[in-house]
Amino acid sequence: MVVKIQVNNLNCWFKNTQVIKSLFLSILEHEILGIIGPANSGKTTFLRCLNRLNDLNPHFKSKGEILKDGRNINTIKLETLRQEIGMVFAMPISLPMSIYDNITYGAKQHGIKNKKELSGIVEESLVKASLWDEVKGRLDQPALQLSGGQQQRLCIARTLAVQPEVILFDEPCSGLDPISTAKVEETMINLKDKYTIVLVTNNVKQAARVSSRIAFFLMGELVEIDTANDIFVKPSDRRTEDYITGRFG
Amino acid sequence: MIRHFEEDLKHLKERVLSMGNVVESMIDKAIQSIIKEDIELKNQVLKWEEEVNKTQIEIDETCIALIALQQPAAVDLRFITSAMKINSDLERMGDQAVNIIDHSLKSIRCMPQAIIDYITKMSEFVQKMVSRSLEAFVTYNVEMAKGVLLLDDDVDSLKEQIFHEIQECIKGDTEKINHSLDLVIISRNLERIGDHATNISEDVIYMILGKDIRHHQQII
């Protein structure tokens, strides 16, 4: 198994509050790593460390290293890093433009101008995001007219359009109904073959359904990481068991 | 705050234990009915079997509902799946008790005292296995469950001794073949009950530790 991202002794603070403590973690290529844990356990902070989104916060500081394909992410050009490690947020954020333009926006920013090539990217991205069949006849319509679930898959397609290697999902289904949730989950599972996926979710059942492995975070520490099966059938740590059985606290 | 789900699990445990107590009584009364040639005891066993069959279905329905509605994980999931398997083993034990009383009440009287003593002893061992496996289930006691697995060897060895005594008996008096066959079947059913108690103990160990020791996958 190839390690896609290696985290070595990561420590993070917001002002004087330490939110991630001595974290060592490997993310394997073509896996879906689910990250679960209660509020304030450091899940989203960790996710945002992986493409350096926390750097935008002036109160944030960190120590330790994150290696992508063996290379420290701090040495990678920020624009390149965020192209290689894409992110899908909890709230689907469609740009106020057509479906087609939403998908091509990132590609154009990366210098692709050829219309045929752009159209190819649109179709390929929408197919991978399991949205093509639903929108192929109305690509010129405003993206904001799509349902919440469709907009979330549009955001996935937009992320895919710039050809990332890793995709970070931060609570991607928190506002979606069960049918839309199932479609996004199926999309994630299908994407696993070509991408490495990290999923932060408060829905532990969702983590169980889609993840290859699951990491349980608690108060900024990694308590346990194992296969989804072992975490949900026989977790090693009592704290993990208490959390996933709803006894926590 | 005690969650409703935990109340449901507690109730499920009580139902399994209550069913186990009835099955224990069935085994005891089945052997007593043979030894004492008591038709009343035999009828009591048959009456209990209906109760056990009904309870088996109720417990299965409860478990399926808990899995569907609560989507349990970890220790809760292991507890519910173990309860379903234990439920099935208990029902089979009840069937074995009925198999025992299906055989001639007169068989014992015609056979040597040594065989009767062995059957009585085997029955005591088997009842001990059943009782301890259920106690291990209720008290989450791994050591007690392991002890049941060891008792199974004693039961198997008693069955071999009974078979040997029966063979010797037939050699001396071929007219006892029919009665002997009855006793072979009775001891075979007792041994099967012991096997079910072993299954329960293995399920209890899985429920507590998450380790599958069936088919000698792990050394005890």
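The values are calculated or read from the model by the stated rules, or taken from the named source; none is laboratory data. In this text the structure is predicted, and so the values were computed from the model without any measurement. Neighbour counts are summed over all protein chains in view; Cβ atoms, including those assigned to glycine, are modelled from backbone coordinates with ideal geometry. All accessible areas refer to the heavy atoms of the entire protein, side chains included, with ligands and DNA or RNA removed. Shrake-Rupley method; radii C 1.70, N 1.55, O 1.52, S 1.80 Å.
Tallying residues that are surrounded by fewer than 22 Cβ atoms within 10 Å (Cβ to Cβ) and free of Cβ contacts under 8 Å to residues at least 60 places away in the same chain within segment A:224-237 yields 9.
What tally of residues in segment A:207-220 results from selecting those that are more than 14 Å from every other protein chain (Cβ to nearest Cβ), of a type outside the set (A, V, I, L, M) and in a strand (DSSP E or B)? Selection size over segment A:207-220: 2.
One line per residue, one yes/no per condition, for (1) under 30 Å from B:VAL16 (Cα atoms); (2) more than 14 Å from chain A (Cβ to nearest Cβ); (3) among the basic types (Lys, Arg):
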site	(1), (2), (3)
B:CYS169	no, yes, no
B:ASP173	no, yes, no
B:SER187	yes, yes, no
B:LEU209	yes, no, no
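Is it true that A:SER41 is open to solvent by 30 Å² or more (accessible area, probe 1.4 Å) and closer than 30 Å to A:GLU221 by Cβ? For A:SER41, the condition - open to solvent by 30 Å² or more (accessible area, probe 1.4 Å) and closer than 30 Å to A:GLU221 by Cβ - is not met.
Scan segment A:221-243 and tell me whether some residue there is out of contact with any helix residue (DSSP H, G or I) (no Cβ under 6 Å at 6 or more places or on another chain), away from every other protein chain (no Cβ under 14 Å) and not in a strand (DSSP E or B). No: segment A:221-243 contains no residue that is out of contact with any helix residue (DSSP H, G or I) (no Cβ under 6 Å at 6 or more places or on another chain), away from every other protein chain (no Cβ under 14 Å) and not in a strand (DSSP E or B). So is A:GLU221 closer than 14 Å to A:PHE46 by Cβ and open to solvent by 50 Å² or more (accessible area, probe 1.4 Å) or not? It is true that A:GLU221 is closer than 14 Å to A:PHE46 by Cβ and open to solvent by 50 Å² or more (accessible area, probe 1.4 Å). Of all residue pairs spaced 6 or more apart or on separate chains, none has beta-carbon atoms under 9 Å together with a first member in segment B:187-205 that is over 15 Å from B:SER123 (Cα atoms) and among the basic types (Lys, Arg) and a second member that is at pLDDT below 95 and surrounded by fewer than 24 Cβ atoms within 10 Å (Cβ to Cβ). For A:VAL198, the criteria (1) assigned to a helix (DSSP H, G or I); (2) more than 14 Å from chain B (Cβ to nearest Cβ); (3) aliphatic (A, V, I, L, M) hold in every case but one, which is (1). Assessment of segment A:174-195 against the conditions (open to solvent by less than 40 Å² (accessible area, probe 1.4 Å), more than 12 Å from every other protein chain (Cβ to nearest Cβ) and in a loop (DSSP other than H, G, I, E, B)) yields at least one matching residue. When B:GLU37, B:GLU49, B:GLU91 are checked against the criterion of being surrounded by fewer than 18 Cβ atoms within 10 Å (Cβ to Cβ) and out of contact with any strand residue (DSSP E or B) (no Cβ under 7 Å at 6 or more places or on another chain), a single residue qualifies: B:GLU37. Go through the residues of segment A:87-107 one by one and say whether even a single one is open to solvent by 60 Å² or more (accessible area, probe 1.4 Å) and assigned to a helix (DSSP H, G or I). Yes. Of the residues examined, B:ALA83 is not one that is assigned to a helix (DSSP H, G or I) and either open to solvent by 40 Å² or more (accessible area, probe 1.4 Å) or within 18 Å of B:ILE193 (Cβ to Cβ) (or both). Among all residues of segment B:85-97, there is at least one that is of a type in the set (A, V, I, L, M, F, W, C) and within 21 Å of B:HIS11 (Cα to Cα).
Whenever a residue of segment A:68-80 is part of a helix (DSSP H, G or I), its partners that are surrounded by 11 or more Cβ atoms within 10 Å (Cβ to Cβ), lying with C-beta atoms within less than 6 angstrom and at least six residues away or across chains, give the pairs A:ILE73/A:ILE66; A:ILE73/A:LEU81.
For segment B:176-220, a tally of residues being in a helix (DSSP H, G or I) and open to solvent by 80 Å² or more (accessible area, probe 1.4 Å) returns 7. Take A:LYS61 and tell me if it is basic (Lys, Arg), part of a helix (DSSP H, G or I) and open to solvent by 60 Å² or more (accessible area, probe 1.4 Å). In short, no.
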